[in-house]
Amino acid sequence: MIDSYQRDINYLRVSVTKRCNLNCSYCGAKNEASEELTPAQLEKIVRAFARNGITKVRLTGGEPLVRQDIVEIAQRLAGIDGIKKLAVTTNGIFLKRYAAELKRAGVTAVNISLDTTDREQFRSITGYDGLDKVFEGIDECERAGLSPIRLNAVLTKGKNEDQAESLISIARNRKIDVRFIELMPFSSDGEKDELVVTGEELLKKFPELKPFVKENATDFEKSVARYYTAEGFKGRVGFITPVSNSFCSECNRIRLLSDGKIKPCLGNSEVYDIKAFLDDEERLEQEIKKIILSKPREHSFGCGYGNHHGLNLIGG
């Protein structure tokens, strides 16, 4: 569906829970029980989105794999007419258990959040000694045939900025994309701005990386990430730069939160509760259309009225 600023909104990120088994310092995740949409409710909402032009869905959290019904959710959403691609973003701890089941359910691709390859640093960032489990999960994704496999890293100055080289080496040695995402400042105090490691800073440190351009890329291969590669690399290195180089004019996504609200923009406080329309699919479809048309021109990071939800609720 084309929004008010002529962007084709075809990508829905679905946060299925705000619960998480980790406690990453920049996320704000908590493990308390909370209201979550049922598989049937999620299917009904995503079907209404599909009738409004959504073709790609990504399951996020919190940590989506803490839901014991995550495979059922994947099966239901993969079977909706119009949904051509279903992906998952996860911290990887439970992937060894679920990768093959998710593949059979209709999931094709997986993003894994991984900010370090150092075991002690991983424990410090996440509050859990689970690095080995993440790499076991990556191995299982490869065996299951999930593709692409992408690692998403947030580097923070004074904490893990030294991990860029070891993470890039994964893309050198394996057919895995490693993507660096700038830390997003969800406040106006500027405190986090000083911690951001920008894409340009990293490119200066690794001048061997050259832009990767794929001719005749499909819609699903297009991304807000700028990809680079170098001689001998099996994978690619990507940079997602919402802070230093906004891509709002090309944004194609919208978010369904785990509490049944829709968030048109990650960096804006506006949310719309659509639970009241779950028993009227025609009205639900109409309301979703209105919400897509309300998507703002650009985010408001750093302006004091940006995101008011923790990343555990919106799924990044």
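The values are calculated or read from the model by the stated rules, or taken from the named source; none is laboratory data. Just so you know, these numbers come straight off a predicted model, no measurement behind them. A quick note on method: Cβ atoms are made from the backbone with ideal geometry, for glycine too, and the neighbour counts reach across all protein chains shown. Areas reflect the complete protein model, heavy atoms only, side chains present, ligands, DNA and RNA absent. Shrake-Rupley method; radii C 1.70, N 1.55, O 1.52, S 1.80 Å.
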*Given a 1.4 Å probe and the protein chains all in place, what does the accessible area of S249 round to, in Å² to the nearest 10?*
90 Å²
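Restricting to the chain, what percent of DSSP beta bridges are antiparallel, rounded to 5? Write down the numbers at each step before the final one.
On the way: 11 of 40 bridges.
Percent antiparallel among DSSP bridges in the chain is about 30.
Out of the range 1-108, which GluC sites (Glu not before Pro) are coil in DSSP terms and have no more than 11 other C-beta atoms within 10 Å?
E32, E35
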_Whole-number accessible area per residue in Å² for the chain, which is evaluated in the context of all protein chains at 1.4 Å_ = 45 Å²
*Residues in the range 229-260, backbone N under 16 Å from the label point at K84 (7 Å along the Cα-to-beta-carbon vector): list them, ranges by number please.*
252-253
*Go through G127, L284, L183 and say which Cα lies farthest out towards the positive end of the charge dipole of the chain; charges sit on Cβ, +1 for Lys and Arg, -1 for Asp and Glu.*
L284
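At a 1.4 Å probe radius, carbon and sulfur cover how many percent of the accessible area of the chain?
46 percent
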*Low-density loop positions, trypsin sites (Lys or Arg not before Pro), the range 1-81 - DSSP coil, at most 16 other Cβ in 10 Å*: K30
